[in-house]
Amino acid sequence: MRKAAIVVFAALAGTPLPALAQMAQSEPTNAGTGLLAPDALTTELPNGFQQNSSSKLQALIPGDLSKFVDRKPEQAAAESFYQARNYQPIWTGSPDALKRAEGAIAFLRNVKSEGLEPRDYPTPDLSADLTEEQAAKAELQLTGSILRYARHASSGRVSYTRVSASILYPDHATDPAEVLNKVASAQDMNAVLQSFEPQQPGFVALKAALAKELAAPQDDATLENREASKKHRGKDANERSRKNAADTIIANMERWRWLPRDLGQAHVVVNVPDFTLGVYKDGAPVWHTRIVVGKPGNLATPLLSETMKYLTINPTWNVPPSIIRNEYLPALERDPGALERIGLRVSNNPDGSLRVYQPPGERNALGRIRFNFPNQFLVYQHDTPDKKLFARDSRAFSHGCMRVQDPEKYAEVLLSLSQPEENFTIARIRSLYGDQERTINLKQPTPVHVTYQTAFVDKQGQLNFRQDIYGLDAATVKLMRGDERMIADTPIARPRNANSKPVMARLPEREDREWQGQYQSRGGGWFGFGGGERAYASSPYRSRSPYRGLDRADGIW
């Protein structure tokens, strides 16, 4: 690196190499770094050095910056940054700058430890004989790679929009101006660059697990993997190779980057492939339970971060348009009384759309409690009168909403964190049961993070794997390494949920006009906050249903 300093200085200052070489022979170096000692070099640099390097960078930026910095906001930030410092380089031109460059280059060449690819962050060769223009381009190349790394580390190497339309997390990419200011003043380049990645314990633990996988022989399986495979749910549990294990960890590290950096002092985390829900406070687990999640395919539970604002006791189940359109409308066409006999009511909204709903009660598909965090996917968490599915290891059976095994305890925990002074107990919650909806607002709204962790380290320090039930691991790794790699971080537009579009249909004609008038009179606007669950199959009317398509033994319609 000492030679690199001499070469870059010579290129930028126009000083003959022999003269600088003679100076380098006689000057001390920083021990262990190979860099020229700052006092030795800065006192004897030619007077025109800084001026030449600055002018060349200033001339290059207007036309060539976009070749090295690929996003317009980052280009604007870089141009403003260099302009504000009178175009003084931060990676070349002084011993401190070259030391900074040395640290940045070493870090970028080792980003495999972060679950990223070094080839995505090209670095200049500062040991070559560089002209002034080449040195300025080297400056911009390293700046561009650092900005790209910071963006990927903070918000994702892959845009989640390219993985699935059923993912929506808030944007939290780091400010490029902040990145440049931090690296320009960095005393510890490793620490600064690592600060852009997630700091949550879950990510840090996976990073350590990845280091073990990458360091071990590639054709062997560790004891940890074999033990984890015993817990892995799925047919391929005992066939997980070390390469597949590393890829699974990398995909999960990527999904951690999509999540908000601040999960909330008190928050809820759903792990879809683990079929569990946990409540946390100050980073520590408070309570944990089993859940049922959406079926693979179009009914998959979406990944999101939203805020739980209120609980509904004795909820009405307003059947979402997708279920009306795809499942209940055919039943009504065959027999206008089919839904009535399974406890559902039918009417037309004032706008002409069809409304199908189930009044509150112990047999309601949502049970006695619904947990509401408004979102564009129209999903929520709720109770269920059908408890037998919680005994299964794999629990992907719903239309997208999340069924909670012990909703009363869940409500007690949430309310104790939100408003402890009100002393909500399970007994008090049960006292509210009836045939009328009741709303309990959370005084301290609680963030809810629906995640997809097929690899995680548990509280005993054990690496666990779960089945990739929605195929997101493979899709993510392919984007990180495949043909779309160069554009994988560019978001794409996704259409909004078409399933929420109201069903424009009139009630079927039937001889019993009194029946039709009764349900039309109930009317009411479209509930709009829909869900994804079917009615309860154990209805007393079930055995009389003439429509076998509504008659499922598993209790999920």
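What follows draws every value from the coordinates through simple rules; no lab data is involved. As the structure is a prediction and not an experimental result, all values here were calculated from the model. Reconstructed Cβ throughout: ideal geometry from the backbone, glycine too, with neighbour counts over all protein chains shown.
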### Task
Return the distance in nm (one decimal) between the two label points of a simple spin-label model at residue 388 and residue 437, each offset 7 Å from Cα along Cα→Cβ.
3.1
### Task
Give, in nm to one decimal, the length gained when the segment between residue 288 and residue 84 is fully stretched (0.36 nm per residue of separation minus the Cα-Cα distance).
68.3 nm
### Task
Multiply the residue gap between residue 172 and residue 72 by 0.36 nm, knock off their C-alpha separation, and tell me the result in nm, one decimal place.
34.3 nm
#### Entry: Loop chymotrypsin sites (Phe, Trp or Tyr not before Pro), the stretch 240-281, which have at most 13 other Cβ atoms in a 10 Å radius of their Cβ (DSSP)
none
### Task
Starting from the stretch 361-442, pick out the GluC sites (Glu not before Pro) whose DSSP state is loop and whose Cβ has at most 15 other Cβ atoms within 10 Å.
362, 437
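Can you sort 56, 309, 243 by how many other beta carbons sit within 10 Å, fewest first?
Ascending Cβ contact count within 10 Å gives the list 243, 309, 56.
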#### Entry: Fewest-first sequence of 250, 426 by Cβ atoms within 10 Å of each Cβ
426, 250
### Message
Test of understanding: ordering 479, 311, 263 by Cβ neighbours within 10 Å, fewest first, what list do you get?
### Response
263, 479, 311
### Query
Do any trypsin sites (Lys or Arg not before Pro) in the stretch 378-454 lie in a loop, going by DSSP, with at most 16 other beta-carbon atoms within 10 Å of their beta carbon, and if so which?
387, 392
### Summary
So, with points 7 Å from each Cα along the Cβ direction, the residue 112-residue 58 label distance in nm works out to 4.4
